[in-house]
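Worksheet: the structure to be examined is printed underneath.
The values are calculated or read from the model by the stated rules, or taken from the named source; none is laboratory data. The model shown is predicted, which means the values in this text are computed figures rather than measured ones. A quick note on method: Cβ atoms are made from the backbone with ideal geometry, for glycine too, and the neighbour counts reach across all protein chains shown.
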Amino acid sequence: MHQLNLHRRRLLGAALASGTAALLPATSRAEADWSAIAARARGQKVFFNAWGGSERTNAYLQWAAAEVARRHGIRLEHVRITDTAEAVKRLRSERQAGRSAGSGSIDMVWINGENFLTLKKEGLLFGPFAERLPNYRWVDTEGKPSTRLDFSEPVEGMEAPWGMAQFTFFADRQRLPQPPRSMAALLELARSQPGRITYPRPPNFHGTTFLKQALLEATPDRAVLYRPVSPAALERAAAPLWSYLDALQPHLWRRGRQHPQNAAAVRQMMADGELLLALTFNPNEAANEIAARRLPATVYSWQHESGAVGNTHFLGIPANASAPEAAQVVIDFMLSPEAQARKADIEVWGDGTVLALERLPAAERQRFASRGWPGQLERTAPLLLEPHGSWVDPLEREWLRRYGP
């Protein structure tokens, strides 16, 4: 066996050296191609633009940076941003300035939704690369359809799935024994408990997600939401949403005249007893906060019975990246069962995996075994796919026109 493996390595090395890798069988050719990418990646530095607003996320990325440095000789630097739109703006500016392939300031970016749609349409992404990564074979593309659809836009290998998220509420059972399991029930709760419910101000991501959850529950014909938006479609499909919000606004915190800036503020107001409930896009957030002793063990989580809006978040590589080879190696590591299991650990991050656990070898599957934590969901609601990314900006603009300052 040792001699066979040695012969195989020599065969691949000779094929690469002589430029005849194309003559190898498909599997061996893919391995040879990946070996060449990994070899070029060694010694490169990857500037990873990613949201930096979570201590847990930042700590996880520090661990990942140490691992790719040790294993692959790659330096991974987390460039902390507050909004992915910042990276989109910079990539556009670099194109206008003539900074072409190999000269960009961003090598990896954490993206999805309207930001992916913009980058894809404007040709600002490297690829397709995702489905060629060795660890992509473990991605669940059947049970998790959003791994190949980003806000209803086909991914087509231009970004790699990284984690799963779904809209979730949480509250302290001592203050709210029975949760509202629909937007209609939430309105009734707000009417009975005025001033004790709110949501972040769009275009904050969580505030916009609240709008989309309400839109999906209120609109009879959801099919139109999964096609590119038009003025007529927006007027027709969103009319029930504005009717719902018109009824809800007067009963919100500060009568809806003011909204918190983000979900962290809402969570703190809930923890302080000022609000009855908080919201998140990470179903494990309440369990995270309980484990960190920032919330009491009486906090519980739920999703709406008819379904909860959810999506996959992704990792992309800009078309002008300076280190596209190293970025691919880093992303492949992020897709490994080891990295995905650590990210899914409640005590680390609690971010849902994109892998098909049933396909993993038993030893790798065992990495995902965990005990139940207080605050975790008792049952997951059906997934409501995100509306097409083109709906986001018009919804936010109309919300601001109607309810903003």
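For region 195-210, the criterion of being touching a strand residue (DSSP E or B) at 6+ places or on another chain (Cβ under 7 Å) and either charged (D, E, K, R) or not assigned by TED's automatic domain parsing to the domain that holds E305 (or both) is met by no residue.
Within region 87-123, work out how many residues are surrounded by fewer than 20 Cβ atoms within 10 Å (Cβ to Cβ), within 20 Å of A326 (Cα to Cα) and not charged (D, E, K, R). Going through region 87-123 one residue at a time, the tally reaches 5.
Residues checked against (1) crowded, with 19+ Cβ neighbours inside 10 Å; (2) without any contact (Cβ under 8 Å) to a residue 24 or more places away in the chain; (3) among the charged types (D, E, K, R); (4) not in a loop (DSSP other than H, G, I, E, B):
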| residue | (1), (2), (3), (4) |
| --- | --- |
| T198 | yes, no, no, no |
| P202 | yes, no, no, no |
| H206 | yes, no, no, yes |
| L216 | yes, no, no, yes |
| A233 | no, yes, no, yes |
| A237 | yes, yes, no, yes |
| S243 | no, no, no, yes |
| A264 | no, no, no, yes |
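For first residues located in region 142-160 and farther than 20 Å from K212 by Cβ, partners that are of a type in the set (G, A, S) and lie 6+ apart or on another chain with Cβ distances below 6 Å form the pairs G157/G127; G157/A130; M158/G127; E159/G316; A160/A130.
Let's see how each residue does on (1) closer than 20 Å to E396 by Cα; (2) touching a Phe, Trp or Tyr at 6+ places or on another chain (Cβ under 7 Å); (3) among the acidic types (D, E); (4) at pLDDT below 95:
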site	(1), (2), (3), (4)
G123	no, no, no, no
E131	no, no, yes, no
E142	no, no, yes, yes
L176	no, no, no, no
P180	no, no, no, no
A184	no, no, no, no
R191	no, no, no, no
L225	yes, yes, no, no
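Let's see how each residue does on (1) assigned to a helix (DSSP H, G or I); (2) modelled with pLDDT under 95; (3) under 16 Å from T147 (Cβ atoms); (4) out of contact with any helix residue (DSSP H, G or I) (no Cβ under 7 Å at 6 or more places or on another chain):
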position: A321; (1), (2), (3), (4): no, no, no, no
position: Q328; (1), (2), (3), (4): yes, no, no, no
position: R365; (1), (2), (3), (4): yes, yes, no, no
position: R371; (1), (2), (3), (4): no, yes, no, yes
position: G375; (1), (2), (3), (4): no, yes, no, no
position: R379; (1), (2), (3), (4): no, yes, no, yes
position: W399; (1), (2), (3), (4): yes, no, no, no
